[in-house]
Amino acid sequence: MGGGAAHLTARARPSHRKPYTSGLIQSNHHYVFRYGYAAIDARLPRGRGLWSAFWLAPANDAWPPEIDVVENRGTPVPEVHVHWGRADHVVGGPVPGVLLGPGYHTFGVDWEPHTLTWYIDGVARFRAHVAITTPMYLLANLAIDGTTPPDRSTHFPAVLDIDWIRVWQHPGATG
């Protein structure tokens, strides 16, 4: 952390028999909620093998569900997903018509009892009609993609810069 921002850093530094290190922050056991608007203002790093994400996971550790507010695999194309029911129930993917420019972008999801609506820079971009009732916690991470690993074009250290993460819980909702 520094200057009011969080910086999750991936490095080409071996640790625990893995060729890279990277970072994650999460709110489990500190902040859990059900229904509301969760958002992050972040600058996503570019590069093959980099996997940035801001997502919600079940507080009871019984996966699924999972709500991916944004996933990004080091390209200008953001992705959104929701996993529910059985592990093979998933909707979402690359967000049509959105290419992220350099700099900070705001990614959010409005989680209501029967609907999820994803926003990028304040514009609704995707909606899914799914009922998720499990209280969730927040995670933000910069991982290294094991299926498409970095190559010589990926610059390290790579940094996911987070200006802020916020949650507005819907009135009457419980966590």
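The values are calculated or read from the model by the stated rules, or taken from the named source; none is laboratory data. These figures come from a predicted structure and were not determined experimentally. Backbone-built Cβ (ideal geometry, glycine too); neighbour counts: all protein chains shown. These accessible areas exclude ligands, DNA and RNA; they are computed on the full protein's heavy atoms, side chains included. Shrake-Rupley method; radii C 1.70, N 1.55, O 1.52, S 1.80 Å.
Okay, here's what the table says:
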quantity	calculated
Tally, over the stretch 50-85, of residues that are on the phi < 0 side of the Ramachandran plot, part of a loop (DSSP other than H, G, I, E, B) and open to solvent by 40 Å² or more (accessible area, probe 1.4 Å)	7
Top-ranked residue of the stretch 26-49 - restricted to ones that are part of a loop (DSSP other than H, G, I, E, B) and among the hydroxyl-bearing types (Ser, Thr, Tyr), ranked as surrounded by the fewest Cβ atoms within 10 Å (Cβ to Cβ)	Tyr31
Residue count, the stretch 1-28 (criterion: under 20 Å from the mean Cα position of the chain (by Cα) and free of Cβ contacts under 8 Å to residues at least 60 places away in the same chain)	2
Residue match in the stretch 102-120 (condition: part of a strand (DSSP E or B), more than 24 Å from Gln169 (Cα to Cα) and modelled with pLDDT of 95 or more)	no
Hey, Val123 within 19 Å of Ile40 (Cβ to Cβ) and open to solvent by 60 Å² or more (accessible area, probe 1.4 Å) or not	yes
Residues located in the stretch 126-153, provided they are open to solvent by 60 Å² or more (accessible area, probe 1.4 Å), assigned to a strand (DSSP E or B) and touching a Gly at 6+ places or on another chain (Cβ under 8 Å)	Phe126
Hey, Val90 at pLDDT below 95, closer than 16 Å to Ala128 by Cβ and in a strand (DSSP E or B) or not	yes
Pro94 more than 16 Å from Val69 (Cα to Cα) and either touching a residue at least 12 places away in the same chain (Cβ under 8 Å) or β-branched (Val, Ile, Thr) (or both)	no
